[in-house]
Every structure is written in structure tokens, then in C-alpha cells.
1. Could you list, in sequence order, the residues of region 329-375 that are part of a loop (DSSP other than H, G, I, E, B) and within 16 Å of the ligand (Cβ to nearest atom)?
2. Filtering region 254-275 down to residues that are of a type in the set (A, V, I, L, M) and closer than 20 Å to C320 by Cβ, which residue is nearest to the ligand (Cβ to nearest atom)?
3. Criterion first (part of a helix (DSSP H, G or I) and surrounded by fewer than 16 Cβ atoms within 10 Å (Cβ to Cβ)) does N197 satisfy it?
4. Is it the case that D226 is in a loop (DSSP other than H, G, I, E, B), within 20 Å of A78 (Cα to Cα) and touching a residue at least 40 places away in the same chain (Cβ under 8 Å)?
5. Of the residues that make up region 48-58, is at least one within 16 Å of E228 (Cβ to Cβ), surrounded by fewer than 17 Cβ atoms within 10 Å (Cβ to Cβ) and free of Cβ contacts under 8 Å to residues at least 12 places away in the same chain?
6. A256: assigned to a helix (DSSP H, G or I), in contact with a His (Cβ under 9 Å, 6 or more places away or on another chain) and at pLDDT 95 or above, yes or no?
7. Return the pair list, or none, for Cβ contacts closer than 8 Å from residues in region 182-196 that are assigned by TED's automatic domain parsing to the domain that holds N211 to residues that are modelled with pLDDT of 95 or more and among the acidic types (D, E), at least 6 apart or on different chains.
8. Restricting to region 2-30, name every residue that is in contact (Cβ under 8 Å) with a residue 24 or more places away in the chain and more than 28 Å from the chain's Cα centre (by Cα).
Amino acid sequence: MTGSVKLIYGDQEFKLPVVEGSEGEKAVDISQLQAATGLITLDPGYANTGSCSSAITFVDGDKGILRYRGIPVEELAARATFKETAYLLINGRLPNREELTRFSVLLNDNSLVHEDMRSFYEKYPRSSHPMGILSSMVNALRSFYPELQNLEEEINMTVTRLLSKIRTMAAMSYKISRGHKVVYPRPDLAYCANFLNMMFDSPVKPYEIDNDVVNALRMFWILHADHEQNCSTSAVRLVGSARVNLYAAISAGIAALWGPLHGGANQAVIEMLSDIAKSRNMGRAIERAKDKKDPFRLMGFGHRVYKTYDPRARIMKKMCDSLLNKLKISDPLLDIAHELEAVALKDDYFIEHNLYPNLDFYSGIVLQAIGIPTNMFTVMFAIGRLPGWIAQWKESLDDPNWKLGRPRQIYTGPTQTQFVPIDKR
Ligand code: ACO
């Protein structure tokens, strides 16, 4: 505890303890507030509420800092593999060579999906959104790979299964949706290359692995790997707080991520840029985004925490430019994105509201260059975010202050009224 906050309510005075994190962020601990005063706090969207203490990810939204377990995301994006990053988030430290080899072997050993699950995929309507399919398939995994007891060893096995199978399941859903033969995982390929091969290899056109594409995917997934208590992670923690199994908690996270204000924004950005390309009217998009009567927002802009340039967007933008350059792709949407960013960053509305490009602004263009279809964009985000969700879920299991998540409310409905029988209404 570092000091306290004085609260005067009626003729009484209360002291609320202030707690401090390792980077100096401070919070008023209100856990005893209701018991002591009868008051609760009201904070729509939890914009001022810390739901837990966490040692996983540090974000400074004013300075544009993001670190996983203390390591700047810039360093990880430049030098780490996605597997190492996942290990770091989940286990709290980077693996040594032996641990990394063991982890790789386990990921390979668990990469196949039970053949009986294939019939589920085949029965989905072809027009189904892959996020809906992924969310239910991850939940269904529990029936095929149950944990018999809540032992650490079994939990670790579930973690590995999920990390490995999510790639296979995502690629399977793509192949089946196109009516193509499923491509099985290959033990000789590393995590990112294996996924790309399952997505794009075919008997008529073998997939040629391109190191620049693999590297782009590696960076894409590392940049998405965790982002403290965002909407989907909070969903994982809240659902997990009922002590459901990990598959069910992750399935809830995938469902939350699907929303266009969250992970679904990467798909929405491409749709917005394509609309601008068609209408050739960028000014109208900017004006609509500023019009309070119009629900339209500039997708890929703004963030709850970052009030400066999202550090992930900075890396993504650079990588996007360099990838398209290397692949010799000239994407008109990239030109529109650059121009839109330049116009918005000079516009008073965006300046006053601290609205900068977020992670999703350039990520869709990267995914398009890799060959990922638009409706799979958010699935790509989900695969990247999985290590973070798992790490946060594990941390909550071990939290000595763990409690079932159960917010309160201020009731604004009718006061007590009498039931009126149907013939008298
Ligand atoms: N375009 C236009 N105006 C915006 C935008 C935007 N993209 N984002 C925020 N604003 C405005 C709001 O209209 C509001 O204006 P007002 O104060 O004059 O009424 C103000 O900025 C604050 O907006 P809020 O919605 O209260 O801020 P919040 O922190 O809840 O929003 C959010 C964050 C949801 C990300 C928002 O910026 C947004 O909708 N962005 C577009 C969707 C998007 O890109 N989502 C991806 C987020 S990153 C991620 O999930 C990986």
C-alpha cells in the first residue's frame, strides 16, 4: 500500500488504500467500499477500473509503450519467434534451448485434430463466418480432449493442444469452406510456415514457402500476442472466473474478439478502404467519422488506452511497406491508407480526440499481401492473441485474490409494481 484516498460521505470519513504497480501506476483499492459505505462505483465500459493485478503485459497509453513480461514488443518483433513469445507470456520467462525444443516437439505432437471433428466443419453453411466456427470448435475440443483432473500437467497439455490445434482448425475451416481437401500439419515446418502451408498448399499447386511472408506472419502474431485487460481478455478472465475449463474460456474470448470495435476492426478497415477506393471520396469518410449523428467511425483509428501512436501500429506500418515492396505488390488500398492517415493526423477533430492509427489499421493490408481472405482476418488475430489469453487465464487461476467475476449495477427500472392478469391488461 502507498498512501490512501480520503472519502467523505454524509458525515463520515473513510480511507481507501492506494496500491502501486511496478511501473508506478496507482489505483484506489475499493474492495471494501461497499461493506464500509454501502456505495458501489459506477464505471461504464470499465474505463477507470482495474479488474486485477497482473505481471504479464505493461502498456503505457500516453507514451506508447508495450512490453511483454518486461521485454519491449519492438525487440520481440525484431528478434523472437512466435513460439518463444508464447512461451514467455505463458511461463513468465524466455525458454532456454532445451525448453524450446521440448515445447516445439509437443506442439508438433499435438497438431492433428480429431478426425471426427471434421464432420462438424463440413455441416456448417458455406457462408458461415470463420470466427463463429472457430469459437464453437474450440469449445468442442473439450469433448474430444477432456481434462480428467485439474492437475498442472493436464492443464499444460491443454495449453499446448490449444496452441497447436488452433492453427490446424483455422486452416481446416478455410479449406473446407472452399470445398478443398484439408492439408495436414507437417512436422518439418515451424509454427508460422506450417500454418501457411496448411492454408495454401494444394495437390494442383504446391505452396512455396517464402521467408518474407513467414517473417511477416511471425511479426503479425507477436504484435497481437497480448494486450492486458482488453475486451476479449477480460471475457476470458470473467468466464474463466466461474472456473470453466480453458477451452470454454478461450471460446468466449474468440466470440468477444469477433466484434468490429475490437478484433473485427481489421476486416472493417479493409472494407472501409475498399469503399473509399470505389467512391473516390476520402473527404466524405472523414466528415462522416466526425459527424456525431452518424454512427460511422474511422476504422483502425482510436484506442481506449493509447492516446498516442499505437507502438504496434508503427511496427505494422513499417513491416507492411517493406513486405509489399519485397513481394512487389502495388496495393491501391495501401496508398489510400497512407493518405487517410496523413489527412486524419492533420485534422483538428482527430488531434483533439487523440485518435491515431491502431494495430488494425495496416494489419489487414499485410494479411491481404500474405493471401489471407478478408473473412479470416480476425481468426488470424485470434491465433496471435491465444498465448495472451492463456497466460491471463493461468495467472487468474493462481491469483490469491481470485473471486468469481460479478459486477454490480445501479437499477433504474420500475419500483415494485403489481402483476396484472392477462384479461385485465
Ligand atoms: N472515428 C471517429 N471518432 C472516434 C473514433 C474513430 N475511430 N474513435 C473514437 N472516436 C471519438 C468518439 O466519437 C468520441 O467522441 P466524443 O468524445 O466527441 O463523443 C471520442 O472519440 C471517444 O470515443 P470512445 O468511443 O468513448 O472511446 P473508447 O475508448 O471507448 O473507444 C475504440 C475506443 C472503441 C477503439 C474507438 O476508438 C473506435 O471505435 N475505433 C474504431 C474501431 C477500431 O479501430 N477498433 C480497434 C481497436 S484496437 C483493437 O481492438 C486491437
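The values are calculated or read from the model by the stated rules, or taken from the named source; none is laboratory data. In this text the structure is predicted, and so the values were computed from the model without any measurement. In this analysis, Cβ positions are derived from the backbone assuming ideal geometry, glycine residues included, and neighbour counts consider all displayed protein chains.
1. D347, H353, N354, L355, Y356, N358, L359
2. A265
3. It is false that N197 is part of a helix (DSSP H, G or I) and surrounded by fewer than 16 Cβ atoms within 10 Å (Cβ to Cβ).
4. Criteria met by D226.
5. Yes, because at least one residue in region 48-58 is within 16 Å of E228 (Cβ to Cβ), surrounded by fewer than 17 Cβ atoms within 10 Å (Cβ to Cβ) and free of Cβ contacts under 8 Å to residues at least 12 places away in the same chain.
6. yes
7. Within 8 Å, the pairs are V183/D201.
8. Matches in region 2-30: T2, L7, Y9, Q12.
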